[in-house]
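*Asks:* Dumping the structure here so I can ask a few things about it.
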């Protein structure tokens, strides 16, 4: 589903599109007037969060959904590519790109959800009709299995930084919730908008790609906007206090965006994503004394201040914390400067049949090199973190996230397949 050819009329804007444009206009107007609502810029340096109905620009040197101000809801899906034809995979990525352009702008996919031939399925599933764009972002990644020998002619194109994660102590990974050839991270302030996006991409991919596993998330557990209130995880503690800010261009360049000197030129401007499903033993945690909880994290539960400090954003005094404190073990000073951008979400998926809540953290981390980002940090945590008594990693995946789509002629992964 490419763009209209010369002389071909574009479809009339839908009511949803008009609502989306109106929301974006209000956001820009408020920013220009000096109000609290800020606009979202195109390119690699997004502004703080805009009005929750606004549209986030799709085109730019980096994919949206990484440094973008973190939205309230997530629908993450991992896909297996079921076709063995390279041309079909390329066609799928082109079609996904064109659909993503429309959905992130608040438009329906293709010709829309109604009004077409009654004998054919509509191009759009329709459940987002009348809804605003809700800052929807769609971020695509390529898993290690896509580069396997004999698949799609990508031998030798796998970046060295896209490593298979080692087995960490305490891992209890479920193969049905791990891995994948492709991933799509849909973030939005409206859960129905995020679900609609994944549903339509899955429908477009039918016969070429199928969902391997997926995860819904709510209650962001990290923030890329340090001026906003820090969110809390399911254990009740503030999470992401010292995360990389989406406006910190220097830190993003150093720790998140792949540079031209890195090993895979087609990844320049991209990043690497680690996704981990972390089950929390909620019932056991809820019986732990407050002092033990605070010692485990290395922060107080109310203000979020590090041990020995008075305010949340005070520089942590690591030696004042227990050697097993989570903050101490995850800190860059403990891990030779390893720094990642976190974008996780809480989840609850019912109960496990024994009356225990199946809940926890769906951890998402972006970095310039997995070997120097997530791996050393997780090795430190897996070996010594007191929090391990209350959590377990049960799902895992790693993806190369290519650079952004520059214009209407570009598409996800074009540099890889060119």
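Conditions tested, residue by residue: (1) modelled with pLDDT under 95; (2) more than 23 Å from residue 309 (Cβ to Cβ); (3) within 15 Å of the chain's Cα centre (by Cα).
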{"site": "204", "(1), (2), (3)": "no, yes, no"}
{"site": "207", "(1), (2), (3)": "no, yes, no"}
{"site": "210", "(1), (2), (3)": "no, yes, no"}
{"site": "218", "(1), (2), (3)": "no, yes, yes"}
{"site": "222", "(1), (2), (3)": "yes, no, yes"}
{"site": "256", "(1), (2), (3)": "no, yes, yes"}
{"site": "266", "(1), (2), (3)": "no, yes, no"}
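*Asks:* Can you find a residue in the stretch 153-174 that is surrounded by fewer than 18 Cβ atoms within 10 Å (Cβ to Cβ) and part of a strand (DSSP E or B)?
*Replies:* no
*Asks:* Let me ask something else. In the stretch 85-105, is there at least one residue being over 20 Å from residue 141 (Cα atoms), over 17 Å from the mean Cα position of the chain (by Cα), part of a loop (DSSP other than H, G, I, E, B) and at pLDDT 95 or above?
*Replies:* Yes; the residues of the stretch 85-105 include at least one that is over 20 Å from residue 141 (Cα atoms), over 17 Å from the mean Cα position of the chain (by Cα), part of a loop (DSSP other than H, G, I, E, B) and at pLDDT 95 or above.
*Asks:* Considering only the stretch 218-258, state which residues are assigned to a helix (DSSP H, G or I) and either touching a helix residue (DSSP H, G or I) at 6+ places or on another chain (Cβ under 8 Å) or surrounded by 22 or more Cβ atoms within 10 Å (Cβ to Cβ) (or both). Talk me through it step by step, then tell me what you get.
*Replies:* So the first thing to find is which residues in the stretch 218-258 are assigned to a helix (DSSP H, G or I), and the list is 249-255.
Selection gives 252, 255.
*Asks:* Sticking with this structure for a sec: Read through the list (1) touching a strand residue (DSSP E or B) at 6+ places or on another chain (Cβ under 6 Å); (2) over 19 Å from residue 401 (Cβ atoms); (3) not in a loop (DSSP other than H, G, I, E, B), then give the number of the only condition that residue 293 fails.
*Replies:* (1)
*Asks:* Return the only residue of 48, 61, 57 being closer than 27 Å to residue 257 by Cβ, in a loop (DSSP other than H, G, I, E, B) and modelled with pLDDT under 50.
*Replies:* Residue meeting the stated conditions: 48.
*Asks:* Got at least one residue in the stretch 336-347 being closer than 26 Å to residue 144 by Cα, free of Cβ contacts under 8 Å to residues at least 40 places away in the same chain and buried (at least 18 other Cβ atoms within 10 Å of the Cβ)?
*Replies:* Yes, the stretch 336-347 contains at least one residue that is closer than 26 Å to residue 144 by Cα, free of Cβ contacts under 8 Å to residues at least 40 places away in the same chain and buried (at least 18 other Cβ atoms within 10 Å of the Cβ).
*Asks:* Please name all residue pairs, on different chains or six or more residues apart, with Cβ atoms under 7 Å, provided the first residue is in the stretch 178-203 and is outside any strand (DSSP E or B) and the second residue is at pLDDT below 95.
*Replies:* 189/52
*Asks:* Any chance you could count how many residues in the stretch 369-412 are in a loop (DSSP other than H, G, I, E, B), over 19 Å from residue 259 (Cβ atoms) and touching a strand residue (DSSP E or B) at 6+ places or on another chain (Cβ under 9 Å)? Full working, then the answer.
*Replies:* To start, the set of residues in the stretch 369-412 that are in a loop (DSSP other than H, G, I, E, B) comprises 369, 373, 385, 402-412.
Right, trim to over 19 Å from residue 259 (Cβ atoms) and you get 385, 405, 407-412.
Retained after the next criterion (residues that are touching a strand residue (DSSP E or B) at 6+ places or on another chain (Cβ under 9 Å)): 385, 412.
Residues meeting the conditions: 2.
*Asks:* Tell me, please, whether a residue that is more than 20 Å from the chain's Cα centre (by Cα), closer than 20 Å to residue 214 by Cα and crowded, with 17+ Cβ neighbours inside 10 Å can be found in the stretch 128-140. Spell out how you get there, then give the answer.
*Replies:* Here is the first cut: in the stretch 128-140, the residues more than 20 Å from the chain's Cα centre (by Cα) are 128-132.
Next, from what is left, pick out any that are closer than 20 Å to residue 214 by Cα: 128.
Remaining after also requiring crowded, with 17+ Cβ neighbours inside 10 Å: 128.
Within the stretch 128-140, one or more residues are more than 20 Å from the chain's Cα centre (by Cα), closer than 20 Å to residue 214 by Cα and crowded, with 17+ Cβ neighbours inside 10 Å.
*Asks:* Next question, about the same structure. So which of 88, 127 is touching a helix residue (DSSP H, G or I) at 6+ places or on another chain (Cβ under 9 Å) and in contact (Cβ under 8 Å) with a residue 24 or more places away in the chain?
*Replies:* Testing whether each residue is touching a helix residue (DSSP H, G or I) at 6+ places or on another chain (Cβ under 9 Å) and in contact (Cβ under 8 Å) with a residue 24 or more places away in the chain leaves just 127.
*Asks:* OK, next. Going through 348, 324 one at a time, which residue ends up being over 26 Å from the mean Cα position of the chain (by Cα), under 21 Å from residue 233 (Cα atoms) and not in a helix (DSSP H, G or I)?
*Replies:* On the way: 348 fails: over 26 Å from the mean Cα position of the chain (by Cα).
Exactly one residue qualifies, and that residue is 324.
*Asks:* Which of the residues that make up the stretch 403-417 are touching a helix residue (DSSP H, G or I) at 6+ places or on another chain (Cβ under 8 Å) and within 14 Å of residue 58 (Cα to Cα)?
*Replies:* Hits for the stretch 403-417 are 403, 405, 408, 410, 411, 412.
*Asks:* Going through the stretch 243-261 one residue at a time, which ones are out of contact with any strand residue (DSSP E or B) (no Cβ under 7 Å at 6 or more places or on another chain) and touching a residue at least 40 places away in the same chain (Cβ under 8 Å)? Walk me through how you get there before you give the answer.
*Replies:* Of the stretch 243-261, the ones out of contact with any strand residue (DSSP E or B) (no Cβ under 7 Å at 6 or more places or on another chain) are 245-254, 259-261.
Across the stretch 243-261, the qualifying residues are 246, 247, 249, 251, 252, 254, 259.
The values are calculated or read from the model by the stated rules, or taken from the named source; none is laboratory data. Quantities reported herein were computed from a predicted structural model and do not represent experimental measurements. So basically every Cβ, Gly included, is an ideal-geometry build from the backbone, and we count neighbours across all protein chains shown.
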